[in-house]
Each structure stands twice: as structure tokens, then as C-alpha cells.
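Step one of this worksheet: look at the structure below.
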Amino acid sequence: MIRQLRHLIYPGQDPYKNLALEQRLLETVEEDCCILFLWQNARTVVIGRNQCAWKECRIEALEQSGGHL
């Protein structure tokens with residue numbers, strides 16, 4: 001049962017730090033707590049491990065515009 005609701009609005013736009021913090025929160029959250037973690041990356045496409053970036057993203061256009069995959 002959820003007894004605590006928390007939110008974290010993180011101002012950083014580094015995708016590596018954002019994903020690392022998300023993982024850390026997931027690993028350390030108490031069983032009775034629900035966390036809403038809001039973050040935004042700068043010029044970044046984040047995909048799941050079962051997705052294929054070459055099929056789902058226009059990688060050349062992303063890289064040409066200074067983006068990260």
C-alpha cells in the first residue's frame with residue numbers, strides 16, 4: 001500500500017546523470033512510497049533496451065543537429 005507520495009523535479013539536462021538518478025531512485029525507494037521523477041534531457045533520444053534505434057530514429061538528422069542517442 002502506498003503511504004507516501006513524493007515528487008522530484010530535476011533541473012539538470014545531462015541524460016547520463018538523469019538516467020543514473022532515475023535508477024538510483026528505483027533501487028532505493030521504500031516499498032510504501034511512490035515517487036514522481038520529472039526530468040528533461042537536452043537534444044537526446046532515450047530508447048529502451050528492446051528498441052532498435054536504427055529503425056525508430058533518424059540518427060543522421062539527430063547527430064547533425066547536435067543531438068545524442
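Just so it is clear, none of the values below were taken in a lab; they were calculated from the coordinates. Predicted model only: the values in this text are computed from it and were never measured. Here Cβ is always computed from backbone atoms with ideal geometry, including for glycine, and neighbour counts include all displayed protein chains.
Things worth noting here:
- With at most 12 other Cβ atoms within 10 Å, longest stretch of the chain clear of loop GluC sites (Glu not before Pro) (DSSP): 32-69
- Whole-Hz ³J(HN,Hα) from phi, Karplus 6.51 cos²θ - 1.76 cosθ + 1.60, for segment 52-69, glycine and proline x: 10, 4, 5, 8, 9, 10, 8, 4, 4, 5, 4, 5, 5, 8, x, x, 10, 10
- Summary value for segment 1-55: 49 percent relative contact order, contacts being C-alpha pairs under 8 angstrom separated by 6+ residues.
- Stretchable slack from residue 33 to residue 64, in nm (0.36 nm times residue separation minus alpha-carbon distance): 7.0 nm
- Long-range Cα-Cα pairs in the chain (distance over 19 Å), rounded percent: 48 percent
- Sites matching chymotrypsin sites (Phe, Trp or Tyr not before Pro) across the chain that sit in DSSP coil, with at most 13 neighbouring C-beta atoms within 10 Å: none
- Residues of segment 55-69 with amide N under 17 Å of the 7 Å Cα→Cβ point at residue 13: 62-69
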